[in-house]
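> Would you mind keeping the following structure in view while I ask a few things?
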Amino acid sequence: MTSLWVGIVIMIVGCFALKYAGLSVPERVLDHPTTKRAADLIPVALLGALIAVQVFADDGSLRIDARLLGLVVAGVLLSLRVPFLPVVFAAALVAALVRLL
Amino acid sequence: MTTDRSVIVDSLGVGLATGAYGVSFGAISTTSGLDVLQTCVLSLLVFTGASQFAFIGIIASGGNPVTGALTAVLLGSRNLFYGLSLAQRLNLKGAQRLASAHFVIDESTAMAVTRENTRQSRLGFYWTGISIFILWNLMTFVGALAGEKIGDPQTYGLDAAVGAAFLGLLWPRLTSWHARLVALFGAAVALGLVPLTAAGLPIILGGGAAVVLGMLWRPKAAA
C-alpha cells in the first residue's frame, strides 16, 4: 500500500514539474529539432509498448485471450472514427461476452 | 473570424467528451488494486490521462509502483512541450503560470494553440482545461465506486478496456508510417522482454528502444 503512495507522489511532483517548466523556461532552451523529434516519439513508443504488454502479458508470460479480440474491435471502431468512450466500452463488452461463451 | 462564443462552445464540447472517460479510468483503477482515495488523488493532482492509465496498467500487471510512476512521468514529458507553445500564446505572468500549469494537457493545448489571438487562446485553454478537470474528477469518482463493486477486472472485460484505451490515445498520433513502425517496434521489444524482466520494465525499455530507433532512422521524405 505504502509503495503505491510513493509512486503516486512521484507522479504528482514529476507531472506538475514538467507542465510548469514548459510554461516557464525560455523557448530556445528546448527549441531544437532533435528534442522536438524525441518529444513526438516518446508517447508513440511508450503507448505501443503499453498496448502490447496490456493485451498479451500474463504474469511474466505471453498469452492470447479475449483481450486481443477487444483490441481488434477497438482498432476497427477507431478507424471508423468512433469516439474514445464508446470504443473502450465496446472492447470491454466484446471481451466479457466472449468469456461467457 | 471566430467569435469568443464559438471558442467557448467548442471547448465545452471537447471538455464534455474528454471528461466523460474519467469513468473508465476510475473503474479500471479500482479493479487494478488502487483504492478510491488513491484513484481520486491521481485524477485531482496528476491530471494527465495517459500517464494515469499507464500507471494503473503497470500496477495491474504486477509492476513496481516506482517503475510505473517513472513510465507515467516519461509519458507526461509531452506536456513540457505543450507548455512551450502555450507560453507565448497565453502570455502569463509568474503566479498565473503556477496556477495554470495544472491544466496543461493534450486537449487544452489543442484548443488554445490554433487561436488567432491571446484572448481566444486563453478562452480555449481555460474553458477546455477546467471543464475537463471538473468532469474528469467527478467521473473518476463515479467509476472508482463502480470498480470497487465489480472487483475482478475480467468480469466486465475491463482488462481488455485498458488496451483499447491506450489504442485510443495512440490512434491520433499514428499519422505516418514512421510513427506506426515506431509504435510496433516498441510493442515488439516490450513483448520480447515480458518473460525476461520484472513487470513494468518491458514498457519503459521497449518504449526507450523504439524512441532510439525513431531518432536514428529518418524517412527521406520527412527530412
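No value in this document is a laboratory result; all are computed from the given coordinates. All figures in this text were calculated on a predicted structure; none of them were measured in a lab. Quick reminder, even Gly has a Cβ in these numbers, built from the backbone with ideal geometry, and neighbours come from all protein chains shown.
> From the mean inverse distance of alpha carbon pairs (Kirkwood) and the Cα radius of gyration, derive Rg over Rh for the range B:4-173.
The Rg/Rh ratio comes out at 1.00.
> On the first, second and third principal axes, largest extent first, how far apart are the outermost C-alpha atoms of the range B:98-191 in Å?
Its Cα atoms span 47, 40, 20 Å along the three principal axes.
> Further question: Other chains near B:100-113: what is the mean number of their Cβ atoms within 10 Å of each residue's Cβ?
Per residue, the number of nearby Cβ atoms from other chains is 2 on average.
> Can you list residues from other chains, or at least 5 along the same chain, whose modelled amide H is less than 5 Å from the amide H of A:ASP58?
HN-HN under 5 Å from A:ASP58: A:ARG63.
> In what order do B:GLU148, A:GLU27 fall by count of nearby beta-carbon atoms within 10 Å, going from fewest to most?
Details: B:GLU148 15, A:GLU27 12.
Ascending Cβ contact count within 10 Å gives the list A:GLU27, B:GLU148.
> For chain B, what does -39500 (n - 2.57) per DSSP helix run (n ≥ 4), summed and divided by total residues, give at 222 nm, in deg cm²/dmol to the nearest 500?
After summing the helix terms and dividing by residue count, I get -23500 deg cm²/dmol.
> Arrange B:MET215, B:MET111 by Cβ neighbour counts within 10 Å, fewest through most, would you?
Starting with the residue having the fewest Cβ neighbours, the order is B:MET215, B:MET111.
> Taking the square root of 5 times each eigenvalue of the Cα gyration tensor, what semi-axes in Å does the equivalent ellipsoid of the range A:8-77 have, largest first?
34, 16, 11
> Among B:ALA60, B:ALA99, B:ALA199, which one shows the biggest mean-square fluctuation in a GNM of chain B, springs joining Cα atoms closer than 10 Å?
In this elastic network of chain B, the residue with the biggest mean-square fluctuation among B:ALA60, B:ALA99, B:ALA199 is B:ALA99.
> Partner chain Cβ atoms within 10 Å, averaged over the residues of B:32-42 - can you pull that number for me?
Numbers: counts 0, 2, 4, 2, 0, 2, 5, 1, 0, 5, 5.
Taking all residues of B:32-42 together, the mean is 2.
> Rank-order A:30-43, A:3-16 by packing density, defined as the average count of other C-beta atoms within 10 Å over each peptide's residues, highest first.
A:3-16, A:30-43
> Right, next: Bin width 20 Å, origin at 0, all Cα-Cα pairs of the protein assembly as shown: what percent of pairs per bin?
33, 60, 7
> Along the range B:184-201, what does the Karplus equation 6.51 cos²θ - 1.76 cosθ + 1.60 (θ = phi - 60°) give for ³J(HN,Hα), rounded to whole Hz, x for Gly and Pro?
Values per residue, Gly and Pro as x: 5, 5, x, 5, 5, 5, 4, 5, x, 8, 3, x, 9, 10, 5, 4, x, 5 Hz.
> Which value does Rg/Rh take for the range B:174-223 over its C-alpha atoms, Rh per Kirkwood?
1.06
> Right, something else. What is the Cα centroid distance between the range A:20-79 and the range B:1-71, reported in whole angstrom?
Between the Cα centre of the range A:20-79 and that of the range B:1-71, the gap is 15 Å.
> Give me B:VAL162, B:VAL41 ranked fewest to most by other Cβ atoms within 10 Å of their Cβ, as a rough exposure proxy.
Listed from fewest to most nearby Cβ atoms, that is B:VAL41, B:VAL162.
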